[in-house]
Amino acid sequence: MKNMTEIRWHGRGGQGVKTACEFFAAVAIREGKYGQGFPEYGPERSGAPMKGFTRISGEAIREHCGVHHPDVVVVLDESLVVSEDVCDGLGRDGTAIINTARPPSAFAGRCAGAVWTVDATKIALEEIGRPIPNMPMIGALARVTGLLDIETIGRNVERDFAAKFGRKTLDGNLRALRRAHDEVKRDG
Amino acid sequence: MKRTLALTGNESAAEAMRQINPDVVAAYPITPQTELMHAFTQLVADGAVKTEMILVESEHSAMSACVGAAAAGVRVMTATSANGLALMWEIVYIAASLRLPLVMAVVNRALSGPINIHCDHSDSMGCRDSGWIQLYGENPQEVYDNMLQAVRIAEHPDVLLPVMPTYDGFIISHTLERVDVIGDDEASAFVGEPKPRFSLLDIDRPVTYGPLDLQDYYFEHKKQQAEAMKRAKEVVREVGEEYGARTGRAYGFFDAYRTEDAEQIILCLGSAAGTAKAVADELRDGGRKVGVLKLRMFRPFPAEELARAIGHARSIAVLDRAEGFNGVGGPVCPEVKAALYKAGGADVFNYVYGLGGRDLGPDLIRSVFDDLEAGRADPREAIHLGVRS
């Protein structure tokens, strides 16, 4: 059963949850694993809370439903920690990764599992010039879970986004990816 | 050459269409089908296929253009969802009655109203009696596989009926997964060239399509249509086996998962089946004798084979992703009950679930198996699963 890792993404419309949940799955598939990525399609409004889901497994993935008991939650917008129960269904051995300037201890008691934090918005602003936190959060997720190697992700960012971004934005994204990978931290 | 790709259900259908390279596609966009036709029209624009793409002003026109092109004897495909399928309605019947081997992907979506863009089977179940063969796909891999097989089934000289491969809107159409595809040459060799027997453009052998057909011959033509649908069973089986020999992924009328010694069985169609299989495995680990039957082919309905596969169970839950508004439940359950009429003592219960995209998670499926084991359900009434009272 737990050959599979289930990831739930929380963010707001415009922060790149859809891109992140699908991209992470696509990279896993290209690495020979099984992957599944999809957002929850609600009313599509910029700034509205939204979820995305990623499953990674060594075997074929059969579940086709939302992730109710995640192993990892990735929170792209800190305000959702208060307004939504982002850690719903997360077990004691689960992990939350939160985009925030605050330390993990600031979220004590909010999640059953371990809490990691990284200031992805600041990293995105400094490296990309726009407050879109999905790329740094992908880097943080890779580090915390060890599911995918950061160099592999970097190569796939080049592959999937070079045409869309242009060189300057692409390089900014790659720096943001690696910085969050190195800066994400947990207490203790 | 075999390749492994990361594709959504819609992209997977488009990849199959690229390899099939149909002569004519006529389509109109509708969520959640839109990305399929978006991807395919891009292929047309890029010259990756030789298809004549007809962008029409409505789905009624889309199906009408498909009928005309298919009668001319070329290979024709289209795709739609929900209200788009509803707008095609009269021509959907005509395509089948004229014995035109069209293939139309239906990306299942709730048929309004209130307006809803998410998945249920109310659209394709509505045309279960229209004379189309229906194949329900579980995941993006099956979407690809069913599209290729649909062409062969439709064009088989014993069949000559349109085929509707379906898959769940958003849940499959917009979910990215691993899909193994065969090489372009292998796909071309598998689908082959269309060999129309009665082409409107063959002026040496003139034929008429769609003339007035009154008390004198209409009934005979309907009987022939019904017989073609019966023959389609054998063709679906043959094509599924041949596809399996070529790809390692064989297909039949249904996928009976751990049903052999099962006392409780869930029967469902489409994406729900995968989640149900995962729950069945978990319950089996706890010593419970449960299984899942995923019905792939709803038209023609494999009644005898189904009875043989699940008739031994103590109780069966049929999960319908459409409300039948018949006072007793959904459209699949009555057919399963009829199939089991002489098969023995299984109690059959009907659950209506997932309307308008309501999520069907493992907890709800577990609750169905628990109901069956405890004998809690009432066979006279459908249970609406996961609905708030």
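The values are calculated or read from the model by the stated rules, or taken from the named source; none is laboratory data. Small disclaimer: the values here were computed from a predicted structure and weren't measured. For neighbour counting, all protein chains shown are included, and Cβ atoms are generated from backbone atoms with ideal geometry for every residue, glycine included.
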I need the full set of residues from the range A:80-108 which are within 16 Å of the chain's Cα centre (by Cα) and assigned to a loop (DSSP other than H, G, I, E, B), in order please.
A:Val86, A:Cys87, A:Leu90, A:Gly94, A:Thr100
Determine the pairs where a residue that is closer than 14 Å to B:Ile316 by Cα and more than 13 Å from chain A (Cβ to nearest Cβ), located within the range B:359-385, has a partner that is assigned to a helix (DSSP H, G or I) and not small (Gly, Ala, Ser) with Cβ atoms under 8 Å apart, the partner being 6 or more residues away or on another chain.
B:Phe369/B:Val279; B:Phe369/B:Leu283; B:Arg376/B:Asp370; B:Ala377/B:Asp371; B:Ala382/B:Cys333; B:Ile383/B:Asp371
Just one of (1) at pLDDT 95 or above; (2) in contact with a Phe, Trp or Tyr (Cβ under 9 Å, 6 or more places away or on another chain) trips up A:Glu40, so point out which.
(1)
Residues of the range B:248-259 being under 22 Å from B:Ser124 (Cα atoms) and part of a strand (DSSP E or B), in sequence order, are B:Phe254, B:Asp255
Quick check on the range B:276-285. Is at least one of its residues basic (Lys, Arg) and within 13 Å of chain A (Cβ to nearest Cβ)?
yes
Go over the candidates A:Phe38, A:Phe23, A:Phe53 one by one and state the one that is part of a helix (DSSP H, G or I) and facing chain B (nearest Cβ under 10 Å).
A:Phe23
Could you tell me whether B:Lys230 is touching a residue at least 60 places away in the same chain (Cβ under 8 Å) and in the same structural domain as B:His118 (by TED's automatic domain parsing)?
yes
Could you tell me whether the range B:43-59 includes any residue that is more than 14 Å from every other protein chain (Cβ to nearest Cβ), acidic (Asp, Glu) and within 17 Å of B:Val106 (Cα to Cα)?
yes
Would you kindly identify the strands (runs of 3 or more DSSP E) lying entirely within the range B:1-85 that contain at least 2 residues that are among the β-branched types (Val, Ile, Thr) and modelled with pLDDT of 95 or more?
B:24-27, B:76-80
Tell me the residue from B:Arg109, B:Arg128 that is within 19 Å of B:Ala232 (Cα to Cα) and within 15 Å of the chain's Cα centre (by Cα), please.
B:Arg128
Taking the range B:161-200 and the residues there that are among the β-branched types (Val, Ile, Thr) and either more than 14 Å from every other protein chain (Cβ to nearest Cβ) or in contact with a Gly (Cβ under 8 Å, 6 or more places away or on another chain) (or both), the one that is surrounded by the fewest Cβ atoms within 10 Å (Cβ to Cβ) would be B:Val191
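Residues checked against (1) within 14 Å of another protein chain (Cβ to nearest Cβ); (2) surrounded by fewer than 20 Cβ atoms within 10 Å (Cβ to Cβ); (3) among the hydrophobic types (A, V, I, L, M, F, W, C):
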site: A:Glu63; (1), (2), (3): yes, no, no
site: A:Val81; (1), (2), (3): no, no, yes
site: A:Gly91; (1), (2), (3): no, yes, no
site: A:Thr95; (1), (2), (3): no, no, no
Could you tell me whether A:Thr145 is surrounded by fewer than 21 Cβ atoms within 10 Å (Cβ to Cβ) and touching a residue at least 40 places away in the same chain (Cβ under 8 Å)?
yes
Report whether or not B:Glu381 is surrounded by fewer than 21 Cβ atoms within 10 Å (Cβ to Cβ) and within 17 Å of B:Ile265 (Cα to Cα).
no
Out of the range B:208-247, which residues are in a helix (DSSP H, G or I) and among the small types (Gly, Ala, Ser)?
B:Ala226, B:Ala228, B:Ala232, B:Gly240, B:Gly244, B:Ala245
Go through (1) at pLDDT below 95; (2) under 27 Å from B:Ser12 (Cβ atoms) one by one and return the number of the condition B:Pro211 breaks.
(2)
Which listed residue is closer than 21 Å to B:Lys230 by Cα and of a type in the set (A, V, I, L, M, F, W, C), from B:Ala256, B:Ala303
B:Ala303
For the range B:232-245, indicate whether the set of residues that are within 14 Å of another protein chain (Cβ to nearest Cβ) and loosely packed, with under 12 Cβ neighbours inside 10 Å is non-empty.
no
When both residues are 6+ apart or on different chains and their Cβ atoms are under 8 Å apart, which pairs have a first residue that lies in the range B:35-61 and is of a type in the set (Lys, Arg), and a second that is surrounded by 15 or more Cβ atoms within 10 Å (Cβ to Cβ) and in a loop (DSSP other than H, G, I, E, B)?
B:Lys50/B:Asn21; B:Lys50/B:Asp23
Identify all residues within the range B:74-93 that are of a type in the set (A, V, I, L, M) and crowded, with 24+ Cβ neighbours inside 10 Å; write none if there are none.
B:Val76, B:Met77, B:Ala79, B:Ala82, B:Leu85, B:Met88, B:Val92
Kindly indicate which of B:Val143, B:Val92, B:Val151 is within 14 Å of chain A (Cβ to nearest Cβ) and either in contact (Cβ under 8 Å) with a residue 12 or more places away in the chain or assigned to a helix (DSSP H, G or I) (or both).
B:Val143
For the range A:65-79, enumerate the residues that are surrounded by 21 or more Cβ atoms within 10 Å (Cβ to Cβ) and within 14 Å of chain B (Cβ to nearest Cβ).
A:Val67, A:Pro70
Looking at (1) under 21 Å from B:Thr166 (Cβ atoms); (2) away from chain A (no Cβ under 14 Å); (3) hydroxyl-bearing (Ser, Thr, Tyr), which one does B:Tyr209 not meet, given that it meets all the others?
(1)
Consider only pairs whose beta carbons are under 7 Å apart and that are at least six residues apart or on different chains; among these, list those whose first residue lies in the range B:171-193 and is of a type in the set (Gly, Ala, Ser) and whose second residue is not in a helix (DSSP H, G or I).
B:Ser173/B:Thr8; B:Ser173/B:Pro32; B:Ser173/B:Val107; B:Ser173/B:Tyr167; B:Gly183/B:Met1; B:Gly183/B:Lys2
